[in-house]
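The values are calculated or read from the model by the stated rules, or taken from the named source; none is laboratory data. None of these values were measured; they are calculated from a predicted model. As a convention, Cβ positions derive from the backbone with ideal geometry for all residues, glycine included, and neighbour counts pool all protein chains shown. Heads up: the accessible areas ignore ligands, DNA and RNA and are worked out on the full protein's heavy atoms, side chains in. Shrake-Rupley method; radii C 1.70, N 1.55, O 1.52, S 1.80 Å.
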Amino acid sequence: MNSTALILIILLIIYVPIWIWARRSPKALEKGLETWGPAIKINTRLGIKVIDRVARHRRFWHAMGKVSQVVAFILMVLMMIIMVNAVIRLPVAMQAKGIGIEYALALPGLNPLMPFWFTLIGFIIALVFHEMAHGIQSRANDIGVTHTGLLYGVVPLGAFVEPDEEDMDKASRRATLDVYAAGITANFFIAVVAFLLFAPVMLGTLASPYEDNAGVYSNTEEDGIPAGAIITQVDGFDFVYEDIKEPTDTMSMWGLAVPVTVTYDTEDKGGLTKVFRWGVYIASIVDDSVAEKIGMEKNDILISIEDSSGLHYLYSNTAFTDYMSGTRPGDEVTLHYYRASDDSYFDTAVTLGKSGGKGFLGIGTTTAGMSLVSPDDMIQIAVNPFFRYDSLSDKIQGMLAYIAHPFQGFTPVPEAIHWWYDAPFAGYWVLVSVIYWTFWLNILLGITNALPAVPFDGGFIFRGWVDKLLEKMGKKDTEAREKQSDEIARNVSNVMLILLVLVIVATVI
């Protein structure tokens, strides 16, 4: 049992008697505690005076309401794209090894990807601004606020601002839409401001003395060059990152799996060396793939691929992916690869499988066991969601990939490679990390809440939009129209929640 599961079990054991007491005891309500399904609401009046004071500028907040609905629509479309992509990938996700429940909980201290203090600050900012926005739009539209507080269920589930139910029932459709869209938009604006601060303002001005060198982002070989190192030479040749893409004739020969001497610098020492075999390193093999069926193994080195057009030597992972992008399912090729465990070479004819419209071998590869990047490109990856993406569809994929950066170690720049850059002041990387996690948690909360499913804000917004659409289509009977819009929104909500649960279960198990 991992530590996260143990902590959750302990918290559950403590939580259950507290929930029972809050459910049964009149004293609990006096102290501001009440049950809300399996959760506990902690009711307070904190912040209500501030909300009233800010909400006085009604004309401004009514204009912001219109902006909020546009932003909510854009984020709802983005969330639907994410859901469609996740559902399409369900078969692959169900076959792959699960990431573990701890990674599905976006909570500081429980999720291993989320450094506690940085994410705690970002989490508090996201929740406070989200709920304050709900409260401000409520008061700007003459809707009372009865409570503010925290929703708790084993772990904190979120903060809340609770509008007066009677006022909400009497409010116009426009007012209720403004209220529900306000939290999503607040998170989006905070995310945009945070992004502009850490990306162009802070990271965009960084310089590195190793700007064009090949840096080791990660290494699958335990005894290989450590992550965070900078490669300066290979077999006495000066080595830069562009050599991965366009090697010289001499460098291309390294791809024949011959031993080479690699010279590299670390944060502490320079001029270190290691001898190992260079080439396209097999880091992983997909179950039941072409590669598995012919007996390829992890740690093998793919030297070349021969097809009807000739022999293609593979010097780097980039060369391999470029070659595979030009193949088609059913292509006949011969693989030439080396196995270090018994110093043997293989020449095996295969028929490529299918991955989309391209050929598929079923191997995960790196260059000589390393994931390489230049310091300049590393900054571009950290600050530009569209880096290396050209078409509109690719840019959308790039945006989604950018949101998933923490799962790849980009937060926004891995700690092991901070030394590549000349930080302008002490505490620079701490400040960057706080702002980055503020961006990430706000965009995550904003997008998630835009899902058209109750209890997310997007579910209530979607219902209001359906009601408005039915009215424009000529359905004037208010009671019948609202009943129909409720039914449509409920059905969509149920489908979205089922798909969300499937995606989460398939990912974590």
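Residue by residue, here is whether (1) among the charged types (D, E, K, R); (2) under 33 Å from the mean Cα position of the chain (by Cα); (3) assigned to a loop (DSSP other than H, G, I, E, B) holds:
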position	(1), (2), (3)
436	no, yes, no
441	no, yes, no
445	no, yes, no
451	no, yes, yes
461	no, yes, no
476	yes, no, yes
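Is it true that some residue in the stretch 155-167 is open to solvent by less than 60 Å² (accessible area, probe 1.4 Å) and modelled with pLDDT of 90 or more? For the stretch 155-167, residues open to solvent by less than 60 Å² (accessible area, probe 1.4 Å) and modelled with pLDDT of 90 or more: present. Out of everything in the stretch 390-428 that is in contact with a Ser or Thr (Cβ under 8 Å, 6 or more places away or on another chain) and assigned to a helix (DSSP H, G or I), what residue ends up being surrounded by the fewest Cβ atoms within 10 Å (Cβ to Cβ)? Only one residue tops the list, namely 405. Of the residues making up the stretch 189-216, just one is polar (S, T, N, Q) and under 26 Å from the mean Cα position of the chain (by Cα), namely 205.
Scanning the stretch 219-254 for residues that are in contact (Cβ under 8 Å) with a residue 40 or more places away in the chain and of a type in the set (Phe, Trp, Tyr), we see that the one that is surrounded by the fewest Cβ atoms within 10 Å (Cβ to Cβ) is 241. Considering the stretch 453-480 alone, what residues qualify as being modelled with pLDDT of 90 or more, surrounded by 15 or more Cβ atoms within 10 Å (Cβ to Cβ) and hydrophobic (A, V, I, L, M, F, W, C)? Within the stretch 453-480, 460, 461, 462, 465, 466, 470 meet the criteria.
Of all residues in the stretch 347-358, exactly one satisfies the criterion of being in contact with a helix residue (DSSP H, G or I) (Cβ under 6 Å, 6 or more places away or on another chain) and either among the aromatic types (Phe, Trp, Tyr) or farther than 17 Å from residue 303 by Cα (or both), namely 353. Do you know which residues across the stretch 301-329 are in contact (Cβ under 8 Å) with a residue 40 or more places away in the chain and in contact with a helix residue (DSSP H, G or I) (Cβ under 9 Å, 6 or more places away or on another chain)? Result: 301, 302, 303, 304, 313, 314, 315, 316, 317, 318, 319. Listed here are the strands (runs of 3 or more DSSP E) enclosed by the stretch 270-389 that have at least 2 residues being of a type outside the set (Gly, Ala, Ser) and exposed (fewer than 13 other Cβ atoms within 10 Å of the Cβ): 272-277, 344-351. Being surrounded by fewer than 18 Cβ atoms within 10 Å (Cβ to Cβ), touching a residue at least 40 places away in the same chain (Cβ under 8 Å), of a type in the set (Val, Ile, Thr) and in contact with a strand residue (DSSP E or B) (Cβ under 9 Å, 6 or more places away or on another chain) is a description that applies to residue 266.
Checking the structure you have, find out if any residue of the stretch 204-213 is within 30 Å of residue 270 (Cβ to Cβ), touching a Gly at 6+ places or on another chain (Cβ under 7 Å) and crowded, with 18+ Cβ neighbours inside 10 Å. Checked against the condition, which is being within 30 Å of residue 270 (Cβ to Cβ), touching a Gly at 6+ places or on another chain (Cβ under 7 Å) and crowded, with 18+ Cβ neighbours inside 10 Å, the stretch 204-213 yields no hits at all. Contact annotation: residue pairs with Cβ atoms under 9 Å, 6 or more positions apart or on different chains, pairing a residue in the stretch 196-212 that is among the β-branched types (Val, Ile, Thr) with a partner that is part of a loop (DSSP other than H, G, I, E, B), are 205/424. So is residue 119 of a type in the set (Val, Ile, Thr), at pLDDT below 90 and in a helix (DSSP H, G or I) or not? Yes. Of all the listed residues (161, 179, 145, 154), the sole one being at positive phi and more than 23 Å from the chain's Cα centre (by Cα) is 154.
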